[in-house]
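Worksheet: the structure to be examined is printed underneath.
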Amino acid sequence: DAMVIQNPRYQVTQFGKPVTLSCSQTLNHNVMYWYQQKSSQAPKLLFHYYDKDFNNEADTPDNFQSRRPNTSFCFLDIRSPGLGDAAMYLCATSRLNTEAFFGQGTRLTVV
Amino acid sequence: AQTVTQSQPEMSVQEAETVTLSCTYDTSESDYYLFWYKQPPSRQMILVIRQEAYKQQNATENRFSVNFQKAAKSFSLKISDSQLGDAAMYFCAYQIQGGSEKLVFGKGTKLTVNP
């Protein structure tokens with residue numbers, strides 16, 4: 001029944017070691033979002049796709065990249081994770097002019 | 001730039017009572033959506049209620065209702081007959097209609113429900 005699936009739920013990575021988080025959806029939504037959420041804070045939009053159009057937030061560090069190979073999948077690549085990148089990463093999807101559906105998130109730990 | 005402000009970091013309510021969470025936003029757009037999302041301790045964000053800016057009638061969903069004041073750019077959430085399961089972080093969010101679909105959140109209000 002899960003409609004937005006994030007893998008893995010928990011990810012531990014070493015400082016500076018590239019890591020990829022994945023998100024898939026069964027809703028056929030054309031918009032996909034990646035948010036970073038630190039403890040007790042609001043989700044911070046990193047970037048989002050409107051179909052194939054990529055929208056990067058101005059304050060998203062260059063260390064963060066994203067790929068969307070098809071409608072169903074979207075990836076978040078962190079090229080050189082730092083301790084400050086430890087957070088919950090939320091993926092969400094929506095259709096045009098509808099609410100967003102969220103995955104359960106991936107909690108990233110950097111050691 | 002669009003911003004969403006939630007001025008109450010924390011709120012508490014007695015079970016069965018009513019509580020109102022505040023949200024204001026800043027935009028120059030005329031067509032947009034407003035949402036309240038709930039994030040329980042399990043962390044999955046779920047939609048509580050949505051409001052289209054062009055609709056004058058306030059949205060309601062069972063025990064949840066909003067007071068949408070477009071001129072004042074205010075969008076408060078009222079929870080009636082509060083239940084223990086309502087305890088969560090509540091986020092107000094804004095999305096431009098027919099635009100890039102960017103969805104922006106406020107900082108959230110932590111709601112505690114006391115038995």
Taking A:L96 as the residue in question, decide whether it is modelled with pLDDT under 95, touching an Asp or Glu at 6+ places or on another chain (Cβ under 8 Å) and not in a strand (DSSP E or B). yes
In the set A:L76, A:L83, the lone residue that is hydrophobic (A, V, I, L, M, F, W, C), more than 13 Å from chain B (Cβ to nearest Cβ), under 17 Å from A:P18 (Cα atoms) and open to solvent by less than 10 Å² (accessible area, probe 1.4 Å) is A:L76
For the range B:21-46 the number of residues that are open to solvent by 60 Å² or more (accessible area, probe 1.4 Å) and either modelled with pLDDT of 95 or more or touching a Ser or Thr at 6+ places or on another chain (Cβ under 7 Å) (or both) is 2
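What are the residues in the range A:96-111 that are open to solvent by 30 Å² or more (accessible area, probe 1.4 Å), more than 9 Å from chain B (Cβ to nearest Cβ) and either touching a helix residue (DSSP H, G or I) at 6+ places or on another chain (Cβ under 7 Å) or over 16 Å from A:T20 (Cβ atoms) (or both), if any? It would help to see each step written out before you state the result.
Residues of the range A:96-111 open to solvent by 30 Å² or more (accessible area, probe 1.4 Å): A:96-97, A:99, A:101, A:104, A:107, A:109, A:111.
Then drop every residue that is not more than 9 Å from chain B (Cβ to nearest Cβ), which leaves A:109, A:111.
Passing the criteria: only A:V111.
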Picked from the range A:4-24 (must be closer than 14 Å to A:F73 by Cβ and in contact (Cβ under 8 Å) with a residue 60 or more places away in the chain), the residue most open to solvent (accessible area, probe 1.4 Å) is A:N7
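Just to check your reading of the model, which residue among A:Q104, A:Q25 is within 30 Å of B:K110 (Cα to Cα) and modelled with pLDDT of 95 or more?
Testing whether each residue is within 30 Å of B:K110 (Cα to Cα) and modelled with pLDDT of 95 or more leaves just A:Q25.
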Checked the range A:25-44 for anything at the interface with chain B (Cβ under 9 Å from one of its Cβ atoms), open to solvent by 20 Å² or more (accessible area, probe 1.4 Å) and within 20 Å of A:R68 (Cα to Cα); matches are A:N30, A:K44
Among strands (runs of 3 or more DSSP E) entirely within the range B:69-115, at least 1 residues that are away from chain A (no Cβ under 14 Å) and touching a residue at least 60 places away in the same chain (Cβ under 8 Å) occur in B:74-79, B:109-114
Can B:S7 be described as more than 22 Å from A:L90 (Cβ to Cβ), small (G, A, S) and open to solvent by less than 80 Å² (accessible area, probe 1.4 Å)? no
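Quick one: in the range A:59-73, of everything that is among the hydroxyl-bearing types (S, T, Y) and open to solvent by 40 Å² or more (accessible area, probe 1.4 Å), which residue is farthest from the other protein chains (Cβ to nearest Cβ)?
A:S72
The values are calculated or read from the model by the stated rules, or taken from the named source; none is laboratory data. Note that the structure is a prediction, hence the values are computed from the model and not measured. Note that we place each Cβ from the backbone using ideal geometry, even for glycine, and neighbour counts take in every protein chain shown. Accessible surface is based on the protein model in full, side chains and every heavy atom, while ligands, DNA and RNA are left aside. Shrake-Rupley method; radii C 1.70, N 1.55, O 1.52, S 1.80 Å.
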